[in-house]
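The values are calculated or read from the model by the stated rules, or taken from the named source; none is laboratory data. Keep in mind that this is a model prediction, so the values were computed, not measured. Glycine gets a Cβ as well: all are built from the backbone with ideal geometry, and neighbour counts include every protein chain shown.
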Amino acid sequence: MSLKIESITLEQFRAFRELTLCGLGRVNLITGKNNTGKSSVLEGVRLLANNAAPDVIYDILRHREENIEEAEEEGRSADPESLFQVVSGLFHGFLLHSEAPQPIVISTSGRSSPMNMTMRLGWLAVERDSAGKYRLAPRQLSFWGESESIPGLIVETKEGTRNLLLERFGRHSYPTRRGFSESSNGTRMSCIFVSPYGGEGTGMLGPLWDKIALSDREKDVVEALRIIDPQISAVSMVGSTRRRPTAIVRADNIGRPIPLRSFGDGLNRLFGIILSLVNAHGGLLLVDEFENGLHHTVQLDVWRTIFQLAQTLDIQVFATSHSWDAVEAFQKAAAEAPEEGVLIRLARRGEDVIPTVLSENELAIATRDQIEVR
């Protein structure tokens, strides 16, 4: 099974003036000190895999609390400067509104079809086509444009160009009143993101559970949970459209099913990771801060499960960590796996972020000799 992404380049995105990661593997662990761009790599992959869908852009901005605009009253639009600030963090350098940033370019190579995406800020205008329908179109104006122009985000992929209103990404965004619809999101690759806090509410995972309930994948989830608590024999979701779904488990030493939340953060974190993994069949799994909530004594078995399921289900995994325990456990699991695991270390050098990519053999030497790779 070929890898979806063998290399990736991110230009003018977040902390990266230009970053290229080559020689990627089936399971990739990204390490580095704080503020070196580990999470940004995951965001870049997520944007590209989802064809820069507006809901994904909004979620990325919301997660970092960047989507704050001045307009808070319903029906009142924010001014262009505020709208620019909502998305400015995506562009390299956090430029001021008076500066037109260089476009973001994210591209990959692989044995399957390579991907390429460009995102730039610009001005849009409402036009009416021959069928009488209204659509958004770029205006060839200076960055500040004219009063009737609308601040927008212009996305270009191999499927064509999409024009998105900046106002839809604000925290207090409201449905457009202009009577037109934006172009479709295009084709998305299967890509599931697990946040550093993924597991704080199992009800959020209800739709993922519904997709694998009563299948062999359900057994994979139970076996993974047994890494932490061998007494667990079954798991399910209960609830309805009126009641938020809740994960419950059956344990051999407890007389009745009880909520998964009762077992602590570690088990819930593992549930979120593995449930997301088995739902990413044929696609990508992104895990930010893998080690959160997981005791070092279980991390090796968790990595083993990830390696095994990633190969079985044709999934490519990208995870981040700054924990030596996670790196060491990753190296041991990678040494046992038939498909290569790759560790990427990011480090700042001046204004640039420099990657060091360690293959399985190089990582084994680093961990054996206690070489700092976090």
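Residue by residue, here is whether (1) crowded, with 19+ Cβ neighbours inside 10 Å; (2) more than 23 Å from Leu313 (Cβ to Cβ); (3) at pLDDT below 95 holds:
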position	(1), (2), (3)
Arg242	no, yes, yes
Arg256	no, yes, yes
Phe263	yes, yes, yes
Val287	yes, no, no
Residue check: is Asp301 modelled with pLDDT of 95 or more and surrounded by fewer than 23 Cβ atoms within 10 Å (Cβ to Cβ)?
yes
Within the stretch 316-342, the residues that are touching a Leu at 6+ places or on another chain (Cβ under 8 Å) and part of a loop (DSSP other than H, G, I, E, B) are Ser321
Can you name the helices (runs of 4 or more DSSP H) wholly within the stretch 199-315 that have at least 2 residues being under 30 Å from Leu48 (Cβ atoms) and within 18 Å of the chain's Cα centre (by Cα)?
206-212, 265-279, 296-312
Given the condition closer than 28 Å to Gln331 by Cβ and among the basic types (Lys, Arg), answer yes or no: does some residue in the stretch 238-249 qualify?
no
